[in-house]
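A quick write-up on the structure given underneath.
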Amino acid sequence: MQKQQRVYIYAFLSTLFGDYLSEKQIEDLKANKELLETLSPEALHWFETNDTQEIKEALNSDYSSLFIMNSQPIESSILDNKAEVQVGLQNPVMQFYFSCGYELNLANSKLNAPDHISLEFGFMQNLVQKDERELQISFLQNHLLKWAPIYLLGIKDMAKTPFYRGLCEFCTEFLLADYEHLMSKNGND
């Protein structure tokens, strides 16, 4: 997998998990049949047979149900038995960011947890851009792979739209494939 593909995929995932999709983002997805088919043939068909407003309403409802009301995609709340979100440097993900010199300003963000899946994907995008292979491996091993695949596979069955079902499955497969790529001899791109 090429570096730019990986950067794009991590940026794409960071955006999709970070907030509701706007009409513009939905229109962009509708125009990108190849990307939708990659997520799932059902998602492509669903986008082709519904208008933008119907899609937006269904996606907003699904996003709220999946990622806000029922179970937020936050590492510390998933891994901690008390389901508490850790903040500041008591959060192991924030410690990892800090040790890498990565500055995370949550003041202007709707996401209040440094270990929200969207922010973790954004961090991976940054590491890929900087060719920090060892840090990518470490972050995947110690953070994303410890919780995201299991979380996404569980959430997938709760999704009402083919888009979020496909996204959860794609994301799981991508994380595992990306880790395998990094661990291979050709992982240096």
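Sort out which residues of region 28-55 are farther than 18 Å from Phe12 by Cβ and either assigned to a helix (DSSP H, G or I) or of a type in the set (Gly, Ala, Ser) (or both), and write them in order of number.
Pro41, Glu42, His45, Trp46, Glu48, Thr49, Thr52, Gln53, Glu54
Looking at (1) in a helix (DSSP H, G or I); (2) more than 20 Å from Phe12 (Cα to Cα), which is the only condition Ile155 fails?
(2) is the only condition that Ile155 fails.
Which condition number in (1) assigned to a helix (DSSP H, G or I); (2) within 22 Å of Phe174 (Cα to Cα) is the one that Lys24 fails?
The number of the failed condition is (2).
Per-residue answers, yes or no, for (1) at pLDDT 95 or above; (2) of a type in the set (Phe, Trp, Tyr); (3) under 19 Å from the mean Cα position of the chain (by Cα):
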position	(1), (2), (3)
Gln4	yes, no, yes
Ala11	yes, no, yes
Lys30	yes, no, no
Glu57	yes, no, no
Leu89	no, no, no
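Can you name the residue in region 68-84 that is part of a helix (DSSP H, G or I) and touching a helix residue (DSSP H, G or I) at 6+ places or on another chain (Cβ under 7 Å) and, of all such residues, is surrounded by the fewest Cβ atoms within 10 Å (Cβ to Cβ)?
That would be Leu79.
Please indicate, with yes or no, whether at least one residue in region 169-183 is within 25 Å of Tyr63 (Cα to Cα), more than 16 Å from the chain's Cα centre (by Cα), at pLDDT 95 or above and part of a helix (DSSP H, G or I).
For region 169-183, residues within 25 Å of Tyr63 (Cα to Cα), more than 16 Å from the chain's Cα centre (by Cα), at pLDDT 95 or above and part of a helix (DSSP H, G or I): absent.
Does any residue of region 6-17 turn out to be touching a residue at least 12 places away in the same chain (Cβ under 8 Å), outside any loop (DSSP other than H, G, I, E, B), touching a helix residue (DSSP H, G or I) at 6+ places or on another chain (Cβ under 8 Å) and more than 30 Å from Leu182 (Cβ to Cβ)?
Looking through region 6-17, none of the residues is touching a residue at least 12 places away in the same chain (Cβ under 8 Å), outside any loop (DSSP other than H, G, I, E, B), touching a helix residue (DSSP H, G or I) at 6+ places or on another chain (Cβ under 8 Å) and more than 30 Å from Leu182 (Cβ to Cβ).
Give me a count of the residues in region 156-176 that are touching a His at 6+ places or on another chain (Cβ under 8 Å) and of a type in the set (Ser, Thr, Tyr).
Final tally of qualifying residues: 0.
The values are calculated or read from the model by the stated rules, or taken from the named source; none is laboratory data. Since the model is a prediction, treat every value here as computed from it, not as a measurement. Glycine also receives a Cβ, built like all others from the backbone with ideal geometry; neighbour counts cover every protein chain displayed.
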